Ligand code: V55
């Protein structure tokens, strides 16, 4: 019988969260080569790092139901869609999907995103030097989704603060050998954000219960419910947190990552600015290169199960590191390079199987429209070489800041 110790590479004990957050690539390259199924005591779970194993597990929800990570569950509470299964998951998908179906998105996405993008561009186009993450990517991402959800009166800065606090809390994953959280204070930001979110949303929910409108959360309350009933706040809130974290933060990561990738290949940057029809390909490659949700999806084995060369006992937790899968050298040539022209090969940016991201089409459209508007308004954008391009994050990853300049 294999034990967790047998599956723990000795060197993994020296790896710190800070190291992974700065740059997970070297650690994961070694995991893919030496231990594609590795038990990591600091996380209390197995890390799956290769593309094929991540794909197999993501698709097999019968043997591998979803579960939320310990730190994720501590941050969101019970009932977040990413950790539900069966009829409960089906109901939550039916709750969130109406606004996210491609046919629905196509009816509203230009009217939603273009004016937001243009207003931000008017505010910055005469400056000539900004951190484009703080001044454009994040504001456009959060304003668009905030308006869609029914939070037009919550400021961009507040929405950015909330996703950031939820994000650091969700990824506060270090465990002690006894299976306790190693840094309990790391959840305080998430607790603060949740308290503010509830204080802001409770009165809105009171109103939507009696006066439904077109906002997504109003529909979440009413859609598919028997006449006169609404979904309870206990059902709604954990899923609001899912949206206020990943759905707010990741389109911004994808925008900035794609730009950073294009800046690493100036000729490719030029081609995309000259021909915006290349943007979907450029964005797809950006999100493959550095997956915005880098390492957050967790599954649990229903019974003893073989994964690659090893057998795991029932109830084993596995973390599918999609950012690592997307950099698997057995699937992609020179995976750590951004390349607009690389051969097509499926990636795991949006996961797979029944839990595949419900926002895939929406997010891709937001990122595309934001970059179309940006490159149209400021075609002579350049990387500000006086700043480093500083990617950050293990659970969620993207450029922390991206300083750009242009001639005004
Ligand atoms: C995930 C997605 C989220 C989130 C936290 O694992 C984790 C995926 C879309 O939002 O907030």
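Structure notes:
- Taking first residues from the range 158-178 that are within 17 Å of residue 73 (Cβ to Cβ) and at pLDDT 95 or above and partners that are within 11 Å of the ligand (Cβ to nearest atom) and part of a loop (DSSP other than H, G, I, E, B), the Cβ contacts under 6 Å between residues at least 6 apart in sequence or on separate chains come to 171/395.
- Where residue 298 falls short, out of the listed (1) at positive phi; (2) within 13 Å of the ligand (Cβ to nearest atom): (1)
- Count - residues of the range 142-174 that are within 13 Å of the ligand (Cβ to nearest atom) and either in a helix (DSSP H, G or I) or in contact with a strand residue (DSSP E or B) (Cβ under 6 Å, 6 or more places away or on another chain) (or both): 11
- Scanning the range 341-366 for residues that are surrounded by fewer than 21 Cβ atoms within 10 Å (Cβ to Cβ) and more than 14 Å from the ligand (Cβ to nearest atom) yields 341, 342, 343, 344, 345, 346.
- Some residue of the range 238-252 being away from the ligand (no atom under 16 Å from the Cβ) and farther than 30 Å from residue 52 by Cβ: no
- Each residue in the range 367-396 was checked for being closer than 24 Å to residue 168 by Cα and either within 16 Å of the ligand (Cβ to nearest atom) or surrounded by 22 or more Cβ atoms within 10 Å (Cβ to Cβ) (or both), and 5 of them qualify.
- Those residues of the range 111-131 which are touching a helix residue (DSSP H, G or I) at 6+ places or on another chain (Cβ under 7 Å) and touching a residue at least 24 places away in the same chain (Cβ under 8 Å), in sequence order: 112, 113, 114, 116, 117, 118, 121, 125, 130
Residues checked against (1) out of contact with any helix residue (DSSP H, G or I) (no Cβ under 9 Å at 6 or more places or on another chain); (2) touching a residue at least 24 places away in the same chain (Cβ under 8 Å); (3) over 30 Å from residue 45 (Cα atoms):
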position	(1), (2), (3)
319	yes, yes, no
323	no, yes, no
334	yes, no, no
347	no, yes, no
354	no, yes, no
368	no, yes, yes
379	no, yes, yes
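- Residues that are away from the ligand (no atom under 11 Å from the Cβ) and part of a helix (DSSP H, G or I), drawn from the range 74-88: 74, 86, 87, 88
The values are calculated or read from the model by the stated rules, or taken from the named source; none is laboratory data. Keep in mind the model is a prediction, meaning the values are calculated, not measured. Cβ sites come from the backbone with ideal geometry, for glycine too, and all protein chains shown count toward neighbours.
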